[in-house]
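I have placed the structure first, in the form of structure tokens, so that the comments after it can refer back to it.
The values are calculated or read from the model by the stated rules, or taken from the named source; none is laboratory data. Being a predicted model, the structure only gives us computed values, none of them experimental. Please note: Cβ atoms are built from the backbone with ideal geometry, for glycine as well, and neighbour counts cover all protein chains shown.
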Protein chains: 2
Amino acid sequence: MDAEMINPFIKATMNVLETMAFVKSTKAGKPFLKKDNVARGDVTGVIGVTGEANGTIYVTFEEGSILKIVSNMFGEEMKELDSEVADAVGELTNMISGQARRELESIGKVFEAAIPSVITGKNHCIAHITKGPQIAIPFSIEEGNFLIEVCLEKQS
Amino acid sequence: MDAEMINPFIKATMNVLETMAFVKSTKAGKPFLKKDNVARGDVTGVIGVTGEANGTIYVTFEEGSILKIVSNMFGEEMKELDSEVADAVGELTNMISGQARRELESIGKVFEAAIPSVITGKNHCIAHITKGPQIAIPFSIEEGNFLIEVCLEKQS
């Protein structure tokens, strides 16, 4: 998977966080190839995609980062990972994948998106059932980290 | 969502369990409309779909039921929800959704499927971010229960 597939996700994430949650301090780390097939975090948005390739996009937040982001979105301090926070993670996942897909479409790579799910549970574990490459992009804000994983495999 | 959309999932589940895991005692309960937007279980396979409608299929197992099913598939007694069991849940989710999609295609309803994820973690919680109806189909075998949830929403 090359940079032209990954950069739209970085750009979409920075943009969504800035416009929706007024978070300007987001730092993107260096994308890396994941080896262990597993996401671990406190809350994860998941959205399936089909089209140019079939796959899944995961956005996994540490509690500190998502509470800050959602507090900013709502203009109200959120203190726990409740159903309102889960809904917000679903919205963020939708917006990030939507903006990234629009940019990918502009270079001729067309994806359709399924509807998102949000997984909560301290230290939940998500196995990605794919033989395709899994690219992870680490992000951080002052209050904590989050990770976007893009798993795509060519249609057989 | 009407019976013609749901019956293919029931038929596919019975068939996959019988042919892959030699489980002939599977009982399907009455499908019902879920109100609470949340899946709770010990291990869940999730697969996104797009096409005729966008949505997500969830297959959530209690520990007892999936250990029996995977033990039968492998011909070896599985005692805990490890990564081999997670892989098997991914395969089962793929096969159930694949067979159901083929049957839906034969009545003119064409879906594409993303790749599955498998969530483990005792009492994990999955919120379905959708305004569409969520149909649940309860199943049981001697060793425990499992539930299939079909959440589909028309494309906007």
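In segment A:60-73, which residue that is under 15 Å from the mean Cα position of the chain (by Cα) and part of a helix (DSSP H, G or I) is surrounded by the most Cβ atoms within 10 Å (Cβ to Cβ)?
Step by step, filter segment A:60-73, then rank; the result is A:ILE66.
What number of residues in segment A:19-35 are of a type in the set (Phe, Trp, Tyr) and over 21 Å from A:LEU152 (Cα atoms)?
Summing the residues that are of a type in the set (Phe, Trp, Tyr) and over 21 Å from A:LEU152 (Cα atoms) in segment A:19-35 gives 1.
When residues of segment B:100-143 are filtered for being outside any loop (DSSP other than H, G, I, E, B), acidic (Asp, Glu) and away from chain A (no Cβ under 11 Å), how many remain?
2
Does segment A:34-51 contain any residue that is in contact with a strand residue (DSSP E or B) (Cβ under 7 Å, 6 or more places away or on another chain), among the acidic types (Asp, Glu), outside any helix (DSSP H, G or I) and in contact (Cβ under 8 Å) with a residue 60 or more places away in the chain?
Yes.
Quickly run through segment A:90-99 and pick out the residues that are among the small types (Gly, Ala, Ser) and more than 7 Å from chain B (Cβ to nearest Cβ).
A:SER97, A:GLY98, listed by residue number.
For segment B:40-92, enumerate the residues that are under 19 Å from A:ALA114 (Cβ atoms) and among the charged types (D, E, K, R).
B:GLU52
Of these, A:GLU76, A:GLU84, which one is farther than 20 Å from B:THR56 by Cα, surrounded by fewer than 17 Cβ atoms within 10 Å (Cβ to Cβ) and modelled with pLDDT of 95 or more?
Of A:GLU76, A:GLU84, the one residue that is farther than 20 Å from B:THR56 by Cα, surrounded by fewer than 17 Cβ atoms within 10 Å (Cβ to Cβ) and modelled with pLDDT of 95 or more is A:GLU76.
Looking at (1) free of Cβ contacts under 8 Å to residues at least 24 places away in the same chain; (2) under 13 Å from the mean Cα position of the chain (by Cα), which is the one condition that is false for A:THR19?
(2)
Given (1) crowded, with 20+ Cβ neighbours inside 10 Å; (2) away from chain A (no Cβ under 14 Å), identify the lone condition not met by B:SER25.
Condition not satisfied by B:SER25: (1).
From (1) within 14 Å of chain A (Cβ to nearest Cβ); (2) out of contact with any Leu (no Cβ under 6 Å at 6 or more places or on another chain); (3) among the hydrophobic types (A, V, I, L, M, F, W, C); (4) closer than 22 Å to B:LYS131 by Cβ, pick out the condition that doesn't hold for B:MET5.
(1)
Among (1) buried (at least 18 other Cβ atoms within 10 Å of the Cβ); (2) out of contact with any Pro (no Cβ under 9 Å at 6 or more places or on another chain); (3) at pLDDT 95 or above, where does A:GLY98 come up short?
For A:GLY98, the failing item is (1).
Regarding B:VAL150, is this residue surrounded by fewer than 21 Cβ atoms within 10 Å (Cβ to Cβ), β-branched (Val, Ile, Thr) and touching a strand residue (DSSP E or B) at 6+ places or on another chain (Cβ under 9 Å)?
For B:VAL150, the condition - surrounded by fewer than 21 Cβ atoms within 10 Å (Cβ to Cβ), β-branched (Val, Ile, Thr) and touching a strand residue (DSSP E or B) at 6+ places or on another chain (Cβ under 9 Å) - is not met.
Assuming A:ILE57 fulfils every condition listed in (1) crowded, with 24+ Cβ neighbours inside 10 Å; (2) outside any strand (DSSP E or B) apart from one, which condition is it?
Exception for A:ILE57: condition (2).
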